[in-house]
Amino acid sequence: MVKSLFFVGEIGGNDYNYPLLAFRSNKHAIDLVPSVINKIINVTSALIEEGAVTLVVPGNLPIGCSRWLYDTRNHCLKPLNNIAKLHNAKLQEGLVTGKSTLMLRGGYWNQNLERVE
């Protein structure tokens, strides 16, 4: 495990998309953020406890800029992007590295927005 690179994610996208596609409120998706973040942190911690040294933990995509949601008149849907921003902020807060662990906090945010615009 010491010589391995672990990708933990991208986790959360489907968790948030499902209630939104079922026409539930944004609040329902936002309420899922703590649970999703805890799962990511638990998996990451378990890998480190087992001896993982190098991990990549990507953030969530700006879901309000998805092709199926993007509106050329209104651009990206900010309320949906706010869910992803909250996810990414909580993920950043929750990930803690040890002295012997290299944690790369990957992000798709800017690259995805550049592709859309």
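The label-point distance for Phe23 and Lys3, in a model that sets each label 7 Å from Cα toward Cβ, rounds to 5.6 nm.
The residues Val57, Val43, when put in order of fewest to most other Cβ atoms within 10 Å, stand as Val43, Val57.
Of the residues Phe6, Phe23, the one with the fewest other Cβ atoms within 10 Å heads the list, and the complete ranking is Phe23, Phe6. Checked against a 22 Å cut-off, the cross-linked pairs Lys39/Lys90; Lys3/Lys90; Lys3/Lys39; Lys3/Lys85 give Cα-Cα distances beyond that limit for Lys3/Lys90; Lys3/Lys39; Lys3/Lys85.
Charged neighbours of Ile83, selected by a Cβ distance under 13 Å, balance to +3 (K, R count +1; D, E count -1). When His75, His87 are ordered from fewest to most other Cβ atoms inside 10 Å of their Cβ, what list results? Ranked by crowding around the Cβ, least crowded first: His75, His87. Among the trypsin sites (Lys or Arg not before Pro) within segment 3-62, those in coil by DSSP and having at most 15 neighbouring Cβ atoms inside 10 Å are Lys3, Arg24.
Coordinate-derived values only; no laboratory data. If you're wondering where the values come from, they're calculated on a predicted model, not measured in any experiment. Cβ: placed from backbone, ideal geometry, glycine included. Neighbour counts: every protein chain shown.
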